[in-house]
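Here is the structure we will look at.
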Amino acid sequence: MAKNIENVYEIQDLSKIEISEINNLLDSDKTLLLALRKGVHVEQSLKEGYSQYLKANVELKEAKPNCGTCGCGEPADILVYAWR
């Protein structure tokens with residue numbers, strides 16, 4: 001499936017959602033817009049264009065300080081598209 005910005009589900013606080021919910025959304029052909037902290041693992045996934053953790057394609061939308069909460073609990077500083 002290709003990235004579909006017309007069918008985007010935004011998740012600004014990853015600390016409040018389970019990975020199973022994210023997988024269900026990705027499996028239902030949703031494109032997710034995730035607020036993440038650009039750490040080593042996220043940066044590597046963006047470089048590869050694929051997240052092993054999400055089993056999904058990823059692409060940077062924009063750098064945006066304090067745009068949400070990463071799953072690690074830290075303030076997010078980037079917005080990332082994810083899709084399968």
Out of (1) among the small types (Gly, Ala, Ser); (2) within 13 Å of Tyr81 (Cβ to Cβ); (3) modelled with pLDDT under 95, what's the single condition that is false for Ala56?
(3)
Just for segment 59-78: of the residues that are among the hydrophobic types (A, V, I, L, M, F, W, C) and out of contact with any helix residue (DSSP H, G or I) (no Cβ under 7 Å at 6 or more places or on another chain), which one is surrounded by the most Cβ atoms within 10 Å (Cβ to Cβ)?
Ala76
Restricting to segment 8-44, and then to whatever is under 17 Å from Gly68 (Cβ atoms) and among the polar types (S, T, N, Q), can you tell me which residue is surrounded by the fewest Cβ atoms within 10 Å (Cβ to Cβ)?
Ser15
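Within segment 52-76, work out how many residues are over 17 Å from Val8 (Cβ atoms), polar (S, T, N, Q) and out of contact with any Pro (no Cβ under 6 Å at 6 or more places or on another chain). Before you say what the answer is, go through the steps one by one.
If we filter segment 52-76 for residues that are over 17 Å from Val8 (Cβ atoms), which is where we start, we get 52-53, 55, 63, 65-66, 69-75.
Imposing the further condition that a residue be polar (S, T, N, Q) reduces the set to 52, 66, 69.
Still in the running and out of contact with any Pro (no Cβ under 6 Å at 6 or more places or on another chain): 52, 69.
Result for segment 52-76: 2.
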Could you check, for segment 46-58, whether at least one of its residues is assigned to a helix (DSSP H, G or I) and loosely packed, with under 14 Cβ neighbours inside 10 Å?
yes
For Ile5, all conditions in the list (1) aliphatic (A, V, I, L, M); (2) modelled with pLDDT under 95; (3) outside any loop (DSSP other than H, G, I, E, B) hold save one; what is the number of the exception?
(3)
Of all residues in segment 61-84 being outside any loop (DSSP other than H, G, I, E, B) and aliphatic (A, V, I, L, M), which is farthest from the chain's Cα centre (by Cα)?
Ala63
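The values are calculated or read from the model by the stated rules, or taken from the named source; none is laboratory data. Since this is a predicted model, take the numbers as computed values, not measurements. No Cβ is skipped: glycine too gets one built from the backbone with ideal geometry, and neighbour counts run over all protein chains shown.
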